[in-house]
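Working notes for the structure below.
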Amino acid sequence: MTRFGSLFGPLTWLTALLLAALVAGCGTGSGDQNANQANTAAAAIAPTLGAEKVFAVLGGTTVTNTGRSVITGNLGVSPGAAITGFPPGIVAPGQTHAADTQADQAQIDTTKLYNDLEGQACTSNMTDQDLGGKTLVPGVYCF
């Protein structure tokens, strides 16, 4: 199964990152609805954000912009240091961090956050469901 989380309310860059990152699977279980409901309280725990909370874009090796993007927040990359396409892209308000202390710590905190979320139990099995028009409440969704 593939796992997606909706723990932070409105879709933010971090939620989008977590939605993309949490593909580690949440077990192969039978999809038992009662088991999923029993895990709800333990699974829907939003972890505390660390240094990554001030980054609008955070890459691992390279960040490449190909147009007239405006990044509202910090732009960082670590452990790589390559940032291209600025200008024409703009980082405002915000700062650019390439393999510096702030970007390094944001990557460390993002890894901790991922590991915390990856370890949480699935609260809803949504396999073969159409997600169009649905509003997802806090929880861990498996597919």
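Quick notes on this one:
- Selection from segment 101-130 of residues that are open to solvent by 70 Å² or more (accessible area, probe 1.4 Å) and not acidic (Asp, Glu): Thr101, Gln102, Gln105, Ile108, Thr111, Lys112, Asn115, Gln129
Conditions (1) of a type in the set (A, V, I, L, M, F, W, C); (2) without any contact (Cβ under 8 Å) to a residue 12 or more places away in the chain, marked per residue:
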| site | (1), (2) |
| --- | --- |
| Leu58 | yes, no |
| Val63 | yes, no |
| Gly76 | no, no |
| Thr84 | no, no |
| Thr96 | no, no |
| Ala106 | yes, no |
| Glu118 | no, no |
| Asp130 | no, yes |
| Tyr141 | no, no |
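The values are calculated or read from the model by the stated rules, or taken from the named source; none is laboratory data. Bear in mind the structure is a predicted one, so any value in this text is a computation, not a measurement. For neighbour counting, all protein chains shown are included, and Cβ atoms are generated from backbone atoms with ideal geometry for every residue, glycine included. To get the accessible areas, we keep the full protein, side chains included, count just its heavy atoms, and leave off ligands, DNA and RNA. Shrake-Rupley method; radii C 1.70, N 1.55, O 1.52, S 1.80 Å.
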